[in-house]
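Notes follow once the structure below has been shown.
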Amino acid sequence: MCYDADARPPIYGPARTAVTTSPLLLTSADDTRIATFLAAPAEPSGVGVLVLPDNGGLSRFYERLTVHLAGQGHTALAVDYYARTAGPDYQERAADFAALPNLMPHLTQLRPDTLYADFDAGIAHLRAEDGVHARSVVSLGFCIGGRFAFLTSAQRFGLAGAIGLYGAPDAINGAPGPTQRAHDLQAPILGLFGGADPGIPRSAVEAFDAALTDAGVSHEIVTYPGAPHGFFEQELHEQADASADAWRRILGFLNDVKV
């Protein structure tokens, strides 16, 4: 996973509007009840954000992130991945749930069809939120969620854009990634990567950039020299400039979405 239990996302200035929050259980296409966390601004921009966590699933880091996004006017809903194998109450999971040896039995059972159905449920809820909160929806993902976010650029999701932070774009264990599926993608993409991320080499980022160009997908790829995987964290003071620039680009992307 990218973030420990006590990790916090960086803050982007003061909130522009009041925010209300609530944990929600949504029903996926197979009737599974999935955990989500909603942050709704009092003065919504009309843009909703589907937040896709790292491989640890929904956590306090992503609850806080939704609040920061909503404070800037964007209704945000974070989605958990593990209801089918670990139950929907993510707040009651063991403290070491996201430790890799414990996580792997759950991670290896994730399937595109059920994941995408869960994303669909989250997108539908964002669009239905009071009918005005999210006329357009953008995905925002981190680590494995960044990879998922790139894939939600596909037409079937109907999103206005996709933002991925340190999401591996290449094939994994033979499964095609966003690079290999670039011609299936359509919505504009913002990709943010750490230049010192050992799991995502420069060659993989460059290949993703080239594949999106070849497919005619509007995109911007930014790599922060010296930044590690998971650089977007409040306590990584040496990455404060990269985090501030990432926030600026994320919010600029959201502010440019037509509603």
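The values are calculated or read from the model by the stated rules, or taken from the named source; none is laboratory data. Note that this is a predicted model, so its numbers are computed, not measured. Here the Cβ is made from the backbone with ideal geometry for all residues, glycine too, and neighbour counts use every protein chain on show. Please note that ligands, DNA and RNA were not included when accessible areas were found on the heavy atoms of the full protein model with its side chains. Shrake-Rupley method; radii C 1.70, N 1.55, O 1.52, S 1.80 Å.
Observations on the structure shown:
- Total residues in region 1-25, condition free of Cβ contacts under 8 Å to residues at least 60 places away in the same chain and outside any loop (DSSP other than H, G, I, E, B): 4
- Residue in region 60-72 that is at pLDDT 95 or above, over 26 Å from residue 151 (Cβ atoms) and open to solvent by less than 10 Å² (accessible area, probe 1.4 Å) present: yes
- 1 or more residues under 24 Å from residue 39 (Cα atoms) and under 17 Å from the mean Cα position of the chain (by Cα): qualifying helices (runs of 4 or more DSSP H) within region 67-143: 112-128
- If you go through region 12-44 and keep only what is surrounded by 15 or more Cβ atoms within 10 Å (Cβ to Cβ), touching a strand residue (DSSP E or B) at 6+ places or on another chain (Cβ under 8 Å), closer than 21 Å to residue 250 by Cα and among the small types (Gly, Ala, Ser), you end up with 39, 40.
- Here the strands (runs of 3 or more DSSP E) wholly within region 144-259 that include at least 3 residues being open to solvent by 40 Å² or more (accessible area, probe 1.4 Å) are 219-224.
One line per residue, one yes/no per condition, for (1) of a type outside the set (D, E, K, R); (2) in contact with a helix residue (DSSP H, G or I) (Cβ under 7 Å, 6 or more places away or on another chain); (3) farther than 20 Å from residue 159 by Cβ:
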residue: 31; (1), (2), (3): no, no, yes
residue: 37; (1), (2), (3): yes, yes, no
residue: 40; (1), (2), (3): yes, yes, no
residue: 49; (1), (2), (3): yes, yes, no
residue: 57; (1), (2), (3): yes, yes, yes
residue: 61; (1), (2), (3): yes, no, yes
residue: 70; (1), (2), (3): yes, no, no
residue: 88; (1), (2), (3): yes, no, yes
residue: 99; (1), (2), (3): yes, no, yes
